[in-house]
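Presented below is the structure to which this report refers.
The values are calculated or read from the model by the stated rules, or taken from the named source; none is laboratory data. Fair warning: this is a prediction, and the values are worked out from it, not measured in the lab. Every residue, glycine among them, receives a Cβ derived from its backbone with ideal geometry; neighbour counts consider all protein chains shown.
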Amino acid sequence: MIDAHCHLNFTEYDDDRDEVLFRARQVGVKNFLVIGTSLETSEKALALAKKEKDIAAVVGVHPTEIEHLPEHWVSQLKTLALDPEVVAIGEIGLDYYHTQETAVHKKQQEIFVTQLEIAHEVGKPVQIHNRHAGEDLMQILNEHSQILLNQPGMLHCFASSLDVLRQALDLGFYIGIDGNVTYPGLAKGESVTIPEIVRTTPLERIITETDSPYLTPIPYRGSRNEPQHVILVAAEIARIKGVSAQEVEEQVHKNVSTLFGI
């Protein structure tokens, strides 16, 4: 299996990172994409990728981190992005959950577009975060579709309307599914359950991830998440799709290889 979005670069793993990796490898997780959310955590993601052969880095600035950007952040991010151990730009996007301030939303949109332009310049796909901003997100992606790659990237931990999902698929995006696929009911502010998203999305466009240390799947919900639990994500996708876990694993490997070249 592959965990295509985890934050092993975060401080939550400083005491036992090697053990966390060992546990994941023991259950068959073969590749990890470690994701930056700021320049600092992006640097840590890249350092891990240079240390571990089965880790690749994704670098970028999360929409909730934009207030902390230094003056020359664009050139700093480009330098990181050009490293061969970096396979994508992320975690970038929009997050309207934490604030209703229009000025903040506008700033997020500007930073998002800048990072889409960086991705275009370095020729790498994107990993996109969206929380309660699906319409604005898709408007930006449609308006800038000319700078997206043929394999443009993935929408990480997808949660939005089926209309947004169909637009994303039409643009060529893959859809990240996490441990919240095991949660019952609707998430706050959402109109579609994650299982319905899985049913609607072709398996050829699904990518497994954990978002560790967040979104721990049932039956471990409430504890720190780990990449080993991507096995549970794949099993739930298989159950919803009515296919074998092996079929999910094989197709996800193909999807990740096509998108990220690993």
Q: Any chance you could count how many residues in the range 162-210 are of a type in the set (S, T, N, Q) and more than 25 Å from residue 223 (Cα to Cα)?
A: 4
Q. Got a sec? Which of 119, 47 is touching a strand residue (DSSP E or B) at 6+ places or on another chain (Cβ under 8 Å) and surrounded by 15 or more Cβ atoms within 10 Å (Cβ to Cβ)?
A. 119
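Yes or no, residue by residue, for (1) buried (at least 19 other Cβ atoms within 10 Å of the Cβ); (2) at pLDDT below 95; (3) among the basic types (Lys, Arg):
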residue: 40; (1), (2), (3): no, no, no
residue: 43; (1), (2), (3): no, no, no
residue: 62; (1), (2), (3): yes, no, no
residue: 69; (1), (2), (3): no, yes, no
Q) For the subset of the range 31-42 comprising residues that are in contact (Cβ under 8 Å) with a residue 40 or more places away in the chain and assigned to a loop (DSSP other than H, G, I, E, B), which member is farthest from residue 70 (Cα to Cα)? A) 36
Q. Checking residue 257 against (1) in contact with a Cys (Cβ under 8 Å, 6 or more places away or on another chain); (2) free of Cβ contacts under 8 Å to residues at least 24 places away in the same chain, which test does it fail?
A. (1)
(Q) Any residue in the range 179-195 that is in contact (Cβ under 8 Å) with a residue 60 or more places away in the chain and farther than 15 Å from residue 206 by Cβ sitting within a Cβ distance under 8 Å of a residue that is assigned to a loop (DSSP other than H, G, I, E, B) and not polar (S, T, N, Q)? List the pairs, counting only those 6 or more apart or interchain. (A) 189/97; 189/132
**Q.** Complete set of residues in the range 148-172 that are over 19 Å from residue 3 (Cβ atoms), in contact with a strand residue (DSSP E or B) (Cβ under 9 Å, 6 or more places away or on another chain), of a type in the set (A, V, I, L, M, F, W, C) and assigned to a loop (DSSP other than H, G, I, E, B)
**A.** 148, 149
Q: Considering each of 24, 4, 45 in turn, give the residue that is part of a helix (DSSP H, G or I) and closer than 17 Å to residue 57 by Cα.
A: 45
Q) In the range 186-208, is there at least one residue being surrounded by 22 or more Cβ atoms within 10 Å (Cβ to Cβ) and either more than 19 Å from residue 239 (Cα to Cα) or in contact with a Cys (Cβ under 8 Å, 6 or more places away or on another chain) (or both)? A) no
Q.
Quick test of your reading of the structure: residue 184 fulfils all but one of (1) more than 17 Å from residue 111 (Cα to Cα); (2) touching a Gly at 6+ places or on another chain (Cβ under 9 Å). Name the failing condition by number.
A. (2)
(Q) Looking at the range 229-250, can you tell me whether even one residue there is within 26 Å of residue 96 (Cα to Cα), without any contact (Cβ under 8 Å) to a residue 24 or more places away in the chain and assigned to a loop (DSSP other than H, G, I, E, B)? (A) no
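Residues are listed down the side, and each one gets a yes or a no for (1) in a loop (DSSP other than H, G, I, E, B); (2) modelled with pLDDT under 95; (3) touching an Asp or Glu at 6+ places or on another chain (Cβ under 7 Å); (4) surrounded by 14 or more Cβ atoms within 10 Å (Cβ to Cβ):
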site: 75; (1), (2), (3), (4): no, no, no, no
site: 88; (1), (2), (3), (4): no, no, no, yes
site: 94; (1), (2), (3), (4): no, no, yes, yes
site: 110; (1), (2), (3), (4): no, no, no, no
site: 114; (1), (2), (3), (4): no, no, no, yes
site: 128; (1), (2), (3), (4): no, no, no, yes
site: 139; (1), (2), (3), (4): no, no, no, no
site: 146; (1), (2), (3), (4): no, no, no, no
Q. Do we have any residue at all in the range 209-217 that's more than 23 Å from residue 86 (Cβ to Cβ), within 18 Å of the chain's Cα centre (by Cα) and crowded, with 22+ Cβ neighbours inside 10 Å?
A. yes
Q: Mind listing whichever residues of the range 173-185 are crowded, with 16+ Cβ neighbours inside 10 Å and either assigned to a helix (DSSP H, G or I) or over 19 Å from the mean Cα position of the chain (by Cα) (or both)?
A: 179, 180, 181, 182
